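Heads up: the structure comes next, in structure tokens.
The numbers here are math on the coordinates, done by the rules we state, and not lab data. Remember, it's a predicted structure, so these values are computed and weren't measured experimentally. Neighbour counts run over all protein chains shown; Cβ positions are idealised from the backbone, glycine included.
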Amino acid sequence: MSKKENRSINPEASKRFGKGKKRILDLETLTKGVLSGDRVLLSKAITYIESELPEHQKIASDLIENCLPYANNSLRIGITGSPGVGKSTFIESLGNHLLSLDHKLAVLAVDPSSQISKGSILGDKTRMQELAADNRAFIRPSPAGVALGGVAQKTRETIILCEAAGYDTILIETVGVGQSEIAVHSMVDCFMLLLLPGAGDDLQGIKRGIVEMADIVVVNKADEERMNLAKESKQAYKNALHLFPPKENNWIPKVMTCSALKNTGIKEVWNTVEAYKKHTTENNYFEHHRIQQSKYWLFESINYQLKSLFYNDKKIKDQIDQVESEVTAEKVSPFRAAQKLIDQFIKKDQSDSSLNT
């Protein structure tokens, strides 16, 4: 086999486990591997989190509980932006700056579009070659073919493992569009919005809610002939942000310019992130926000698991196409049809419970 044919994103993993092996690792091995910062075993552990196999899910659940006491010790930063804004280049530039300050960095993605496009962060990983090659950095794509609720929950669980593995800074990128920004905002401490030079169209094309969530706005690609346009955009964004109500954390969102390609302004962006953390720590918002997020994910997890149980139920699978046909033929209302399926699911659940007593 040629070297080209044997190319692997993580050749160390194939050495460790052997090509094509499907051996299930035990909980103790995975726990020790994650806590020791072993990148190969961390990757394997995250694969178990993403897996739909019951035996993997059981190990993943226990692993998260084992790692939880060693988590919650990082700074979590969400990064979003319009297509073409240069998120990959920005993340690599910021990541290399963090590594120069002796940080350990994990880059994760939330990508609800991956079920159609198979995701783009894996391509980003090949573009972030310098960052991916450093042992102090860990880059992980989101699972392909999973809806937003599943991707977001698995990313939230992955954060716990990365923190337990010693990564003190977690960058979470939104690759998809729409609700993914809200999901990311619910799991990070600081939310960063990347924009292109050119104030009007770019700002109008982004939902108001996403702009309101931003703690730091960064105008990227502020270089060469676009420098003056970037400065104009910075002032326009600052003026626009003043129209929004004060944030709960009492932080006034900052607007900055940088060129990730030229590596200018990156240091200043990070200094602003640190200023944000200092501000929210001193007024106790940082800890309050983490507590609120934990509550949010408790109920999100309940909703996601109930939905998964419902749609994976055999009787529901057998009936849902017929019920859908009845609705589209207007033989029954969507509300009555939904109630019929739910009643069927509850009866089945009650029947199972009586058999187990």
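Mind sorting 76, 23, 290, 136 by how few other Cβ atoms lie within 10 Å of their own Cβ, fewest first? Spell out each step's value before the answer.
On the way: 76 22, 23 7, 290 13, 136 17.
The order, fewest Cβ neighbours first, is 23, 290, 136, 76.
Does segment 23-68 classify as rounded, prolate or oblate by the C-alpha gyration tensor (a ≥ b ≥ c root eigenvalues; a/c under 1.5 gives rounded; else a/b over b/c gives prolate, otherwise oblate)? Write down the numbers at each step before the final one.
Numbers: a/c = 1.75, a/b = 1.40, b/c = 1.25.
Taking the square roots of the gyration eigenvalues as a ≥ b ≥ c, segment 23-68 is prolate.
Sort 318, 38, 215, 134 so the one with the fewest other Cβ atoms within 10 Å of its own Cβ comes first.
318, 134, 38, 215
Give me 128, 192 sorted ascending by neighbouring Cβ count inside 10 Å, so fewest comes first. Before the final figure, lay out the partial values.
Values: 128 22, 192 25.
Fewest to most other Cβ atoms nearby, the residues stand as 128, 192.
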I need the shape label for segment 61-112. Rule: rounded when a/c is under 1.5, else prolate if a/b > b/c, else oblate, with a, b, c from the alpha carbon gyration tensor.
oblate
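Using 29 Å as the Cα-Cα cut-off, could you pick out the over-long pairs in 87/254; 154/231; 32/154; 32/277?
Going by Cα-Cα distance, 154/231; 32/277 fall outside the 29 Å limit.
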